[in-house]
Amino acid sequence: MCGIAGYIGTKSAAPIILDGLSRLEYRGYDSAGIAVFDGEKIHMKKAMGRLRVLDELTRHGADMPGFCGIGHTRWATHGCPSDTNAHPHMNEENTIAVVHNGIIENYARLKKRLEQKGCHFVSETDTEVLAHMLTEYYNGDPVAAIEKVMHRVEGSYALGIMFLDHPHHIYAARKDSPLIVGTNDSGKFIASDVPAILHHTRNVYYMENEEIVCLSNEHIRFFNIDGEAIAKEAVTIDWDIHAAEKGGYEHFMLKEIHEQPKAIRDTIFPRIKKDDIDLSELGLEEAEIRRLKKISIIACGSAFHAGVTGKYVLEGLARIPVEVDLASEYRYRDPIYERDSLVIIVSQSGETADSLAALREAKAHNGKVLSIVNVVGSSIARESDAVFYTWAGPEIAVATTKAYSCQLAAFYMLAMKFAQIRRTVTAERFDALLNALRLLPEQIEGLLSQKEKIQFFANHYLATEHIFFMGRGIDYALSLEGSLKLKEISYIHSEAYAAGELKHGTISLVEDGTLVVAVATQDALYSKTMSNIVEVKTRGAFVMGLTTLRHQDMENCADYVLYVPETENYFMGSLSIIPLQLFAYYVSLGRGLDVDKPRNLAKSVTVE
Ligand code: M6R
């Protein structure tokens, strides 16, 4: 969701910035722009649509000479996608250029005041107020002006700023929207995310909230919101550069689906020591785990769906009551905080605005927060009391696959460890679960090798308009994710239902030929779901069943059956999600859609 790339150094800035923005395309955007300082003037070009439009407009940056510049990909919030609303935004005198990720919540009030003072606005964005405010407070000292603006705006921001009378300088600041600073022999960089600069450097500084930075050819200087100089340590990013490239696959999503066995191995095996699970990294005391009376899992989208599975597994194994909330609901529902409870925030990006706000809400009530996060150093990771990192590596496709799978694995490990400590499973049962956990990556590899079967089936459903997913228990949790995967990349309307709930209303939508995907992997619930399959079949549905080999009798009822291998019932979701991810992928591919960058969506939703 919005991207920032900036460069100052000895090379031409525009091609570096355009390349950086292209590596952030996966985050989702609808327009792009760039401003480059040629030493005398700040030149700006903006274009609605894909980055290639801007690239062509600037002849791959060749038309914008200069060694210092900032660029942006915009995902519209205030004002429709258009050339005018695209960033950068400049003041009326064209002496200050700003790019911004985030939302200025009090912009309407600020805009009114500025208009009363005679400012003329050209865009509908919240960002433009920043350019005018900087002008208002500027007296030759950029840091002092930025500081004043920061004290007056409410909301979230990562900013890149250039001032005409400070050639060869870039200024940047952040609050609640990620921003990093990179450095190499040729120059210095700002970026909203690591992939934008990974080709140039691994040497980065993570900006903290309410910090300002000034980059020039000679130095990088950091300041706090009061303008005081502060010292920061650079860190080395150890990402594999190829992890952020397609590596021969047609799409990032397909690559990431195939990376799941490795991602799960990387997440679970370092934590399995001497036939036990070692979660000492979390710093949770055993006594604390024994005392736990409630767990609240809070997340958005697929991470929420992982949390729904987490509830079944934690309650089933560790016998702790668990509630699962959508972060956007939790933060406003005045939840009840109790002693001896644990809040678990789940997030791939670690930057999702609603999840971060929920975390802060919990912390404000003295809640202990454990987060399950994929991006090291992200805001959610930094603000949590403990972090269970999922080692999925960079996830580029908007539709999450490998991060979701690792989140499931994280819940399995937490549930098993909590169960062991609380003595709600025997040692034998723990060993059986651990063996099953170790086997999951291999079993997923087996499922991936059968992808043609799913492609064949998917190709028959390219023109369908509605699809229902149904299941019970963990199969229901799984159906939620299967349905979301399909709708976000295929644009086919689909709904996931707890199978028993279907007849309380939705079954009226089932008619001749309606596709119903029925997930029935839970032994104890199998016959119940079979009854629901009969109900929809009777109303004309075409049923694709998903079950395990021991339930081959499903073929007597469903029209098409896919099998997944046996594992512990609690872990079934890790296997049954694979065909559903592939189904969504092949339907999207067959419909000729942009699999990795579905319309209107952003990889990381950093605004409310
Ligand atoms: O980065 P997060 O895990 O916090 O993101 C949460 C959701 O925005 C995310 O899972 C979204 O639903 C994905 N596009 C699903 O594929």
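Taken together, the values in this text are just the output of simple stated rules run on the coordinates, not laboratory data. Keep in mind that this is a model prediction, so the values were computed, not measured. Every residue, glycine among them, receives a Cβ derived from its backbone with ideal geometry; neighbour counts consider all protein chains shown.
Among beta bridges from DSSP that stay inside the chain, the antiparallel ones total about 60%. Between the Cα long axis of helix 107-116 and the first principal axis of the chain there is an angle of about 20°, rounded to the nearest 10. Packing, taken as the mean count of other beta carbons within 10 Å per residue, orders the peptides 67-80, 558-571, 40-53, 474-487 from highest to lowest as 474-487, 67-80, 558-571, 40-53. Listed by chain and number, the lysines placed with their C-alpha closer than 22 angstrom to that of LYS273 are LYS262, LYS417; residues fewer than eight positions away on the same chain are left out. For the chain, the longest principal axis of the Cα atoms and the long axis of helix 142-152 meet at an angle of about 50 degrees. The distance from the alpha carbon centre of the stretch 335-386 to that of the stretch 494-571 is 35 Å, rounded to a whole number. Taking 7 Å steps out from each Cα toward its Cβ at GLU442 and GLU154 produces label points 5.8 nm apart. Between helix 526-538 and the chain there is an angle of about 80 degrees, using the helix long axis and the longest principal axis of the Cα atoms.
In the chain, the calculated helix contribution to ellipticity at 222 nm averages -10000 deg cm²/dmol per residue, counting -39,500 (n - 2.57) for every DSSP H run with n ≥ 4. The modelled label-to-label distance between ILE225 and GLU288, using points 7 Å beyond Cα along the C-beta direction, is 2.8 nm.
What pairs in LYS46/LYS112; LYS45/LYS175; LYS311/LYS368; LYS246/LYS368; LYS188/LYS255; LYS293/LYS503 have C-alpha atoms more than 28 Å from each other?
Over 28 Å Cα-Cα: LYS246/LYS368; LYS188/LYS255; LYS293/LYS503.
The length gained by stretching the chain between SER186 and LEU593 to full extension, at 0.36 nm per residue less their Cα-Cα distance, is 142.6 nm.
The value of relative contact order for the chain, using C-alpha pairs under 8 Å at least six residues apart, is 12 percent. Judged by the mean number of other Cβ atoms found within 10 Å, the most tightly packed of the peptides 501-507, 438-444 leads the ranking 438-444, 501-507. Over the stretch 57-144, Cα pairs under 8 Å with separation of 6+ residues give a relative contact order of 28 percent. How large is the translational diffusion coefficient of the stretch 373-492 in µm² per second when you combine the Kirkwood radius over alpha carbon pairs with Stokes-Einstein at 10 °C and 1.306 mPa s? D = 92 µm²/s. Packing order of peptides 575-584, 542-551, 252-261, 589-598, highest average first: 575-584, 252-261, 542-551, 589-598 (average count of other Cβ atoms within 10 Å over each peptide's residues).
Normalised Debye scattering of the chain at q = 0.05, 0.08, 0.09, 0.10 Å⁻¹ gives log10 I(q)/I(0) of -0.23, -0.59, -0.74, -0.89, counting only Cα atoms as equal scatterers and leaving out solvent.
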